[in-house]
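This report refers to the structure that appears directly beneath it.
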There are 2 protein chains.
Amino acid sequence: MNLKLTKKRQIILNTLKSHDGTLSANDIHKLLPEIDIVTIYRNLDLFTKEKIIKQINLGTNEAQYEYQQQPHHHALCSSCEKVIHFTAPDEKIRELLGLKDFQVDEIEVTVKGICSKSH
Amino acid sequence: MNLKLTKKRQIILNTLKSHDGTLSANDIHKLLPEIDIVTIYRNLDLFTKEKIIKQINLGTNEAQYEYQQQPHHHALCSSCEKVIHFTAPDEKIRELLGLKDFQVDEIEVTVKGICSKSH
DNA sequence: CGCAATATGCAAATCAGTTGCATATTTATT
DNA sequence: AATAAATATGCAACTGATTTGCATATTGCG
């Protein structure tokens, strides 16, 4: 697989990089209407496979994508639907899980609840 | 909301109860071809709202459902695609997360890696 | 520059999940 | 047990996200 650094590819990635939070394919298309939605999908898949970005699926209708700064977790507010990002001591959590016969590559903690603004 | 205990509703729930692991709407429809897929969707939504079952979303194309025995977490093997269930000390994990301004209702830990049979 | 490989756009397809509506089943009430 | 109101089901058709096929355009190497 020999990837090319096309203009549109860079624009899509920069949009994700500079955006604080997650974006769906559609969100990106709204920001970049000059790029076909299919191209956006193909590049998001590509970046995800290359682990440049992360696809997150919180059970909403659309998949969300974010530039992978440092691994972190997500809290979904059931009231305002906002996604909050937070980090946690993954190593300590891994120890608590006690998965002896499983080679853990990635831990993702998803929290559901109510954010400070909503209660 | 006044629910009725219909035959098909019971059959769908029993299928989930007796199945060890998760099932998608489609999986259930294959097991119960006599029940319309729409009825299955509607009942899965209902059971989920009533917290009788749990909808889990591992980033695959279809949502998965499972009868809610006791809350637990999931590990997805990237090699064999099997879903492993495990429990963890949720209270201790919650403390590690340090989400001060967020009312945590539910913690879900999803692990990705390789299971013992696959490495 | 010229060519081969890869990317893009458009149209059309697919796939999961949802909705409208007519009919059937359940449950509370006689 | 019969009736009526409420709720559930099936079918067809729809929606919205994502994917695929194919012709054309762009990129990167020699």
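The values are calculated or read from the model by the stated rules, or taken from the named source; none is laboratory data. The shown structure was predicted, so the numbers you read here are calculated from the model rather than taken from an experiment. Here the Cβ positions follow ideal geometry from the backbone for every residue, glycine too, while neighbour counts run over all protein chains shown. Please note that ligands, DNA and RNA were not included when accessible areas were found on the heavy atoms of the full protein model with its side chains. Shrake-Rupley method; radii C 1.70, N 1.55, O 1.52, S 1.80 Å.
Data overview
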| read-out | value |
| --- | --- |
| Chain B - percent relative contact order, Cα under 8 Å, separation 6 or more | 21 percent |
| Accessible area of chain B divided out per residue, in Å², using a probe of 1.4 angstrom | 60 Å² |
| Calculated label separations, residue A:114, copies of the chain, 7 Å along the beta-carbon direction, nm | 4.5 |
| Cβ charges +1 (Lys, Arg) and -1 (Asp, Glu), total dipole of region A:57-119, debye | 340 debye |
| Residues with amide H under 5 Å from that of residue B:79, placed H, sequence gap 5 or more | B:115 |
| nm² value of the averaged projected area, convex hull over the Cα atoms of the protein assembly as shown | 16.0 nm² |
| Kirkwood-based shape ratio for region B:32-119, expressed as Rg/Rh from alpha carbons | 1.03 |
| Electrostatic dipole magnitude of chain B [Cβ: Lys, Arg +1; Asp, Glu -1; Cα centre; debye, to 20] | 340 debye |
| Region A:73-118 - Debye-derived log10 I(q)/I(0), Cα point model, q = 0.20, 0.22, 0.28, 0.31 Å⁻¹ | -0.70, -0.77, -0.97, -1.10 |
| Normalised contact order of region A:7-67, rounded percent, pairs of Cα under 8 Å and 6 or more residues apart | 38 percent |
| Over region B:73-118, relative contact order from alpha-carbon pairs under 8 Å, at least 6 apart, % | 56 percent |
| Top positive-direction residue, dipole computed over the protein assembly as shown with Cβ charges, set B:41, A:107, B:98 | B:41 |
| Charge dipole (debye, nearest 20) of the protein assembly as shown; +1 at Cβ of Lys and Arg, -1 at Cβ of Asp and Glu | 320 debye |
| Helical mean residue ellipticity (222 nm; -39500 (n - 2.57) per DSSP H run of 4+; nearest 500) of the protein assembly as shown | -10000 deg cm²/dmol |
| Counted charge near residue B:72, where neighbours are those whose Cβ lies closer than 11 Å (Asp, Glu -1; Lys, Arg +1) | -2 |
| DSSP H segments from chain A that extend 15 Å or more along their own axis, Cα-based, with Kyte-Doolittle mean of 0.5 or above | none |
| Shortest-first distances to equivalent copies, position residue A:21, nm, label 7 Å out along Cβ | 3.8 |
| Unit Cα scatterers, Debye sum, region B:7-67: log10 I(q)/I(0) for q = 0.22, 0.23, 0.24, 0.27 Å⁻¹ | -0.82, -0.90, -0.99, -1.27 |
| Inter-copy separations for residue A:38, label at 7 Å along Cα-Cβ, nm, ascending | 3.2 |
| Max mean-square fluctuation residue, GNM over chain A, Cα-Cα springs under 10 Å, options A:25, A:75, A:88 | A:88 |
| Net +/- balance of residues flanking residue A:34 in space, Cβ distance below 12 Å, scoring K and R +1, D and E -1 | +2 |
| Summed side-chain charge close to residue A:92 - residues other than residue A:92 whose Cβ falls under 12 Å, Lys, Arg +1, Asp, Glu -1 | -2 |
